[in-house]
Amino acid sequence: MMKVPAAKIQFLPEDRQWIADRIQEVLESGQLTLGKYGKEFEQAFAKFCGVKHAIAVNSGTSSIEIILRAIAGPHGQGLAGKKVVVPANTFFATAAAVVHAGGVPVFADMDAETFALSPETVEAVLTPDVAGIVTVHIGGLVSARMPELVALAEAKGLWLVEDAAHAHGSSLGAVKAGAFGVAGSFSFYPTKVMTSGEGGMIVTNDDRIAEEALIYRDQGKKSFYENAHVRLGYNWRMSEPHAIIGLRHLARLPAMIADRQAVAAIYDEELKGFENIRPLRVPEGGVCNYYKYIAVLDGGRDRKALKGILREKYGVALSGEVYEEPLHKQPVFQQYAAGALPAAEDLCARHVCLPVFSGMTEADARLVLEALADTVG
Ligand SMILES: Cc1ncc(COP(=O)(O)O)c(C=O)c1O
């Protein structure tokens, strides 16, 4: 029997009621998309991230693509063959969005301490035809080297976008994830720290990108009331029921993050005594939402077998990796692969993600640790 699941979505009874009441309201009014709850969600999310604009869309995949299209030019031509540096150890959608926007992904290696891009791993793949960088805050951890990456992009005349799909509420210093680059993209897929069912959000301080994003998400229409299609947009809209769910989960986000941080603090403390497993550390001045609690196993351990034993013998489910296989090894991206990326190949194969979710108890965390002490030590 499973004692500790890998993850769990939490909607408290009062939140379910709050959501149901408002869904009743929009069902009655018939205003089921692009209505007042979408706007309210956008305003609350912009405030939460400390940015000027937030634009709600139907996924974290479309939010990346819209940002890339909006940046790329005023006539909807997309990236038009330009290269964009992305980490090899990210979700499929980060690189796929580059391709869908007309660009060419260039895979960069990861930094072993943070699982993020570093100035060195980016510089190693820079060529004159690179237009920009999409960095990803893996597991919700904002790298201590983020300001250096921002400076590198500035110095080289590149734009920097954050795929902050994992990082709602994470920060470094006074800057929240999503607010470092020209724009940030969030996902509200149900596995994330907060969800709207399905959904995504673009955040930016750039008025032009915000304006373009509004056009792109609604079929490239000049405005809601005009049928002039001025961009090659799509149906990337967020519905009102999704916005209502997201709005409520956003209100709960600080408490849900606090729950995750409490579990992480127990892991941090206890894993100091383990020799064969090394957790990632949050940098000084950083706040992590712990979308994932990432730890690296020493070499030569069979992760699949370990996961099986933890599940079968101890009732502990580890969550999905971030990521199991780097993107330059994925069949669909073979044409963009350009040689070995040693850190990504090594660490994608050798890390685990310990269970962490809001509502998880200290007893759950101790059970995970006991199982790990028996199996990994
Ligand atoms: C890093 C990253 N980018 C993009 C996405 C895509 O988000 P969505 O599933 O909302 O399209 C996800 C998650 O699913 C993700 O983890």
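So is Ala179 in contact with a strand residue (DSSP E or B) (Cβ under 6 Å, 6 or more places away or on another chain), touching a residue at least 60 places away in the same chain (Cβ under 8 Å) and either buried (at least 19 other Cβ atoms within 10 Å of the Cβ) or of a type in the set (Ser, Thr, Tyr) (or both) or not? When the stated conditions are applied, Ala179 does not pass them. When we screen Ala112, Ala93, Ala44, Ala54 for residues that are more than 19 Å from Ala165 (Cα to Cα) and in contact with a helix residue (DSSP H, G or I) (Cβ under 8 Å, 6 or more places away or on another chain), the only hit is Ala112.
Out of region 39-66, which residues are assigned to a helix (DSSP H, G or I) and within 16 Å of the ligand (Cβ to nearest atom)?
Filtering region 39-66 for residues assigned to a helix (DSSP H, G or I) gives 39-49, 60-66.
Of everything in region 39-66, those that are assigned to a helix (DSSP H, G or I) and within 16 Å of the ligand (Cβ to nearest atom) turn out to be Phe41, Phe45, Gly60, Thr61, Ser62, Ser63, Ile64, Glu65, Ile66.
Exactly one residue out of Leu372, Leu347 is at pLDDT 95 or above and within 22 Å of the chain's Cα centre (by Cα), and it is Leu347. For residues that are within 15 Å of the chain's Cα centre (by Cα) and either among the aromatic types (Phe, Trp, Tyr) or not in a loop (DSSP other than H, G, I, E, B) (or both), scanning just region 288-300, find the one that is surrounded by the fewest Cβ atoms within 10 Å (Cβ to Cβ). The selected residue is Ile294.
Is one or more of the residues making up region 40-55 over 24 Å from the mean Cα position of the chain (by Cα), outside the structural domain of Asn289 (by TED's automatic domain parsing) and of a type outside the set (Asp, Glu)? It would help to see each step written out before you state the result.
Keep residues of region 40-55 that are over 24 Å from the mean Cα position of the chain (by Cα), which gives none.
Within region 40-55 (the criterion being over 24 Å from the mean Cα position of the chain (by Cα), outside the structural domain of Asn289 (by TED's automatic domain parsing) and of a type outside the set (Asp, Glu)), the answer is no, since none of the residues qualifies.
Screening Arg231 on (1) at pLDDT below 95; (2) more than 22 Å from Lys52 (Cβ to Cβ) shows it passes everything except condition (2).
Is at least one residue of region 72-84 surrounded by 24 or more Cβ atoms within 10 Å (Cβ to Cβ) and within 12 Å of the ligand (Cβ to nearest atom)? No: region 72-84 contains no residue that is surrounded by 24 or more Cβ atoms within 10 Å (Cβ to Cβ) and within 12 Å of the ligand (Cβ to nearest atom).
Taking each residue of region 37-60 that is among the basic types (Lys, Arg) and looking for partners that are within 16 Å of the ligand (Cβ to nearest atom) with beta-carbon atoms closer than 9 Å, six or more apart or interchain, yields Lys39/Ala56; Lys39/Ala243; Lys47/Ala54; Lys52/Val203.
Of everything listed in (1) crowded, with 16+ Cβ neighbours inside 10 Å; (2) farther than 27 Å from Gly169 by Cα, the single unmet condition for Asp111 is (2). Across region 147-168, the number of residues qualifying as in a helix (DSSP H, G or I) and either within 16 Å of the ligand (Cβ to nearest atom) or touching a Pro at 6+ places or on another chain (Cβ under 7 Å) (or both) comes to 3.
Within region 323-342, one or more residues are within 24 Å of Gly169 (Cβ to Cβ) and not assigned by TED's automatic domain parsing to the domain that holds Ala88.
For (1) of a type outside the set (D, E, K, R); (2) over 24 Å from Pro342 (Cα atoms); (3) touching a Pro at 6+ places or on another chain (Cβ under 9 Å), each residue gets a yes or a no:
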| site | (1), (2), (3) |
| --- | --- |
| Tyr37 | yes, yes, yes |
| Ala44 | yes, yes, no |
| Lys47 | no, yes, no |
| His53 | yes, yes, no |
| Ser62 | yes, yes, no |
| Ala80 | yes, yes, no |
| Val85 | yes, no, yes |
| Val98 | yes, no, yes |
| Pro105 | yes, no, no |
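Condition first: part of a strand (DSSP E or B) and under 11 Å from the mean Cα position of the chain (by Cα). Now tell me which residues in region 169-200 satisfy that.
Hits for region 169-200 are Gly184, Ser185, Phe186, Ser187, Gly200.
Looking across region 73-131, just one residue is part of a loop (DSSP other than H, G, I, E, B) and touching a His at 6+ places or on another chain (Cβ under 6 Å), and that is Ala88.
The values are calculated or read from the model by the stated rules, or taken from the named source; none is laboratory data. The structure displayed is predicted, hence computed values, not measured ones. No Cβ is skipped: glycine too gets one built from the backbone with ideal geometry, and neighbour counts run over all protein chains shown.
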